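Laboratory data are not the source of any read-out in this text; all were calculated from the coordinates shown. Just so we're clear, the structure is a prediction, and the values are computed from it rather than from any experiment.
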């Protein structure tokens, strides 16, 4: 537990020093503002270039605006998480940061867990902040739309769980490679391929990506089809963290 607390504090200080918290908030928070504004005013900017019928189709309701934000979180905002954390373990090895803690008897497994718990907690916070900002501004710009704060919190929870999966995947991949950029790009490519993989009927409802699909259905987030994906994603998260711990224990500290 002493090792866990020491590493957890180290991650907080390092995140502050590298402005990671600001980067996370910028990704989720600023995009939560920009996305609905763009949807609201884009038809006015291009109004003279398109027929009225097509313009009417471009103007979404509140649910459509929030779905657009969720889509952008998956395709764009996720970069604000992956790239700041791409060297989450590879930097520890490549920059020879393990020798001092190991000499003091600190546990490398506790280091992995501290990183996992710290960044998972932070991402949960910023996901909910981003969704609440988007909920407020879509309400201002597009009206109530029958969407409740409870709907939004359910959607945010599923997206947060998906990001915990991504962080766990980053931990594992980063433990395998020496360069953080390789880990970051590998996880990003996998993220973009996951919808294609998940389109296979037999695995659709077991895939972590199914969490995003349910999150996009703002008015009906939780249904009877969600449990397999939740259980599978939770299991994968545990396994990836265990594999990262196993890998770090095998590394020769010099």
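Given the options 62, 17, 214, which has the most mean-square fluctuation in a GNM of the chain, springs set between C-alpha atoms less than 10 angstrom apart?
Most flexible of the set in this elastic network: 17.
Which of 127, 81, 140 moves the most in a Gaussian network model of the chain with Cα springs under 10 Å?
In this elastic network of the chain, the residue with the biggest mean-square fluctuation among 127, 81, 140 is 140.
Quick one: among 180, 224, 87, which has the greatest mean-square fluctuation in a GNM of the chain with alpha-carbon springs under 10 angstrom?
Looking only at 180, 224, 87, the largest GNM fluctuation is found for 224.
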